[in-house]
Every structure is written in C-alpha cells, then in structure tokens.
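This report concerns only the one structure given below.
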Amino acid sequence: MKVEYIDQNKMFLKVENDAGFAVIFCKQGAALYRIDFKGKPMNITFEDKDFYLAEDFTYFGRVVGPMCGRIAKGRYTLNGKVQQLETNEGENSLHSGSASFAFTNFDVEVVEADPIRIIFTKKTKPFQGYPASCDVKITYSIPFNKPTLQCDFDIVADEDVPIKPTAHTYFNLGEDCILNHTLQMNASRIIEMDKDQLPVGEIEMTPVLSFKKEKPIRLDLFDTSIYDSRFRGYDHCAVYDEINPNIPQATLSSTHYTMKIFTDMRGMVYYTYNYTFKNSGAKLGKLIEGIKNNRHAGIALEPQDAFAHIEDNIVKAGTPYRRFYRLEFGEK
C-alpha cells in the first residue's frame, strides 16, 4: 500500500494498493478525482488539476451536499416555515448552490491500517435557507488487496434540516465512451420529473428508463422521449425495490471491467453527462487518457436518498445521518 500527495500544495492524495487499484482524492469537495484499476481509468475527470480546482460546473467526483438535486424556486418547508434557498439554476436551486460541499476544502486525516482510511472533515455554517451548522465526516476505505472503495457519510446538524448528500462521480470503465457499457439496477420505480427536471412524485419506470434487466446504455438512450428533451438523454432518479446493503443495487459493465454498487441509500441518479459538451454553456477541459469531451464520455451514478420532496429528507437536530456506498471493481 502506497500513500502520497502528488502536488506541491497537498490538495491531491493518491492511495495505491496491491490489487492494481489506485484512487486520487482531492481535498476540495472531498472528491474522488481519479480511480484507476489495472492501469485503466474507471472515471472521467479533467487532466489539468488546476482547471479541476477552478471550474464549478461538472462536479467531477465531488461530494454534493448538504442537499443534492433541484428544488423548485429554491423553496421548501421546514417545521411549518417556508425557507428560501439561493437560486443558482434559473429560478431554481441546484445542489445547495454556492454553499455546496463540492467547492469547499475539507481537512483530511489518513489512518494507515487495513483497510486504509482517508477521513475528510468539515464544520459548516448556516446559509441562506438552511438554518443549521453541520459536523461533516466523509470516510473513504480501501483494503490492501481488493479493488474496492467504500464511502461512509456521517453528518450531524444542530437544527432540523434536510440532509441529502451524494457522490457526483462520472464513470467510464476503460473505453472511449459509455455507449456500449451495460447497466443493471435493482429498481422498478423512478422519481417523476417535469420538463425542467423538477421532482413531482414517484411512478413506475417506462421500458426506456428501466435497467431492471441488464441492457446496453445506447439501446434506449436516443429514444425521442428522453433525447429530444432539454436533457438529451438520461438524467433520472431511480428508487430501489428494496434497501438492501448486502446485494449490488447497480452494476455497470464494459468490455473488460465491471463495477458493482452497494449502498443503504434509497436510490440513485443515473445521468449521461448531457451538459458538458460544445455550446452547452459548460467550460470544456481536456479529459484524462484522451477521452473525447462530449456528452457520451461518461455516466454519473449518484447514490442518494431518493425522495420527490426535499421535506422527506429532513433530519432532526443532533440525530446522526449515516449512509454508505461501496464500489467493487472486477475484470471480466
């Protein structure tokens, strides 16, 4: 097992184990900057680390919180009072706005045992529409001899507030794009969205949206029901059929590699990188390993407690919010 900072400012920390598995973490956003297995990248990210630290659009590998997702007009009700969040996507609020964990620096501690633990901590302050301070701990664990990464969220707020973090990592298991990857999810229901991708309720998946049975991502991706919309592909939130941390809730596969996701969260957003391409408004940057920076470069798989209404994510003051997800990689 090897642990070392790879930049002069000690923002990027690399952990490499005996299974040919390596992860580069970033203090900004408690992020998974890069994941490698057998010498191949398993995710997409910007090649230039300074560009990565400066840009504020893609969320590559970052932890998003304390609330992920879109909130209509930035308003929600907390203990009978309407709260008004910052609106940072038109008239709506996205991913906690400028107060998001994603673009703030965390303290880091390394515990060199088996598994090795990388512990990110931060004390947050209340912000507009969010009247609580939070003690945030995000722990990544990597065993010495397995291509496995587990992330544990441990968040405690001093007031009743919504807590709904996610990891916003875009995966590509060693190929030019993700069109020929296959996906399977243990989910039959989905959070229904309106035309502006705002949650409405919970409904059964259509065949186009369903990955209950394994299928290629390209199979239904270009169906007019999703590709002719504003979002040009998948940007949907699946609700698992059961919360069972002992089975893989999702499996992503490419020609040579697999990745299984285990979690005790309620669901997962699956999103085919639809915004970051030319003329989208995104800040284009060169991706690692020469992967072409277009809308089929990767797929975000974001474990989260999937509810249609943010009020359902409210956690009582002093009550620990504890959730995990684990990524298990393998070769075919």
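The values are calculated or read from the model by the stated rules, or taken from the named source; none is laboratory data. Owing to the predicted nature of the structure, the values given are computational and were not obtained by experimental measurement. When we count neighbours, we look across all protein chains shown, and the Cβ atoms used for this are built from the backbone with ideal geometry, even at glycine. Protein only, heavy atoms only, side chains kept; ligands, DNA and RNA dropped before computing areas. Shrake-Rupley method; radii C 1.70, N 1.55, O 1.52, S 1.80 Å.
If you average 1/r across every pair of different Cα atoms in the range 136-190 and take the reciprocal, what Kirkwood value do you get, in Å?
Its Kirkwood hydrodynamic radius stands at 15.3 Å.
Can you tell me how much longer the chain between GLU47 and PHE144 gets when fully stretched, taken as 0.36 nm per residue apart minus their C-alpha distance, in nm with one decimal?
Length difference between fully extended and current span is 32.2 nm.
Please sort by residue number the chymotrypsin sites (Phe, Trp or Tyr not before Pro) in the range 267-332 whose DSSP state is loop and whose Cβ has at most 12 other Cβ atoms within 10 Å.
Within the range 267-332, no chymotrypsin sites (Phe, Trp or Tyr not before Pro) qualify (loop, at most 12 other Cβ atoms within 10 Å).
Put +1 on the Cβ of every Lys and Arg and -1 on every Asp and Glu Cβ in the range 146-302; which of TYR234, ILE291, ILE178 then has its Cα farthest towards the positive end of the dipole?
Towards the positive end, the residue furthest out is ILE291.
Determine the shape class of the range 1-60: with a ≥ b ≥ c the square roots of the Cα gyration tensor eigenvalues, call it rounded for a/c under 1.5, and otherwise prolate if a/b is greater than b/c, oblate otherwise.
Oblate shape, in that a/c is at least 1.5 and b/c is the bigger or equal ratio.
Please give the contour-minus-distance gain from ASP223 to ASN244: 0.36 nm per residue of separation, less the Cα-Cα distance, rounded to one decimal in nm.
4.4 nm
Tell me the per residue accessible area of the range 159-253 using a 1.4 Å probe; a whole number in Å² is fine.
42
Find the all-direction average of the projected area of the Cα convex hull for the range 1-142, expressing the result in square nanometres with one decimal place. Kindly include the intermediate steps, with their values, before the conclusion.
Details: hull surface 38.2 nm².
Hull-based average projected area comes out at 9.5 nm².
Total Lys pairs in the range 5-97 closer than 19 Å by alpha-carbon, pairs eight or more apart in sequence or interchain only?
Lysine pairs, 8 or more places apart or on different chains, close enough: 9.
Given the range 58-142, report the % of alpha carbon pairs whose separation exceeds 15 Å.
62
Stokes-Einstein diffusion coefficient for the range 35-81 at 20 °C in a medium of 1.002 mPa s, Rh from the Kirkwood formula over Cα pairs: what value in µm²/s?
153
Taking the C-alpha atoms of the range 200-332, how large are the radius of gyration and the largest Cα-Cα span, Dmax, in Å?
Here Rg and the maximum Cα pair distance are 16.5, 47 Å.
What figure, in Å² to the nearest 10, do you get for the accessible area of LYS260 with a 1.4 Å probe and non-protein molecules left out?
About 80 Å², ignoring ligands and nucleic acids.
Any chance you could list P(r) for the range 121-225, counting all Cα-Cα pairs in 10 angstrom bins from zero, rounded to whole %?
11, 25, 31, 26, 7
For a protection proxy built on the mean count of beta-carbon atoms within 10 angstrom, sort 29-42, 226-239, 78-91 highest first, please. Please report the intermediate quantities before stating the final value.
Working: 29-42: 22.6, 226-239: 18.5, 78-91: 13.2.
Top to bottom by mean Cβ count within 10 Å: 29-42, 226-239, 78-91.
How much mean residue ellipticity at 222 nm does the chain get from its helices, if each DSSP H run of length 4 or more adds -39500 (n - 2.57) and you divide by all residues, to the nearest 500 deg cm²/dmol?
-500 deg cm²/dmol
Output the Cα-based Rg and Dmax of the range 85-130 in Å, rounding Rg to one decimal and Dmax to a whole number.
Rg then Dmax for the range 85-130, in Å: 15.2, 47.
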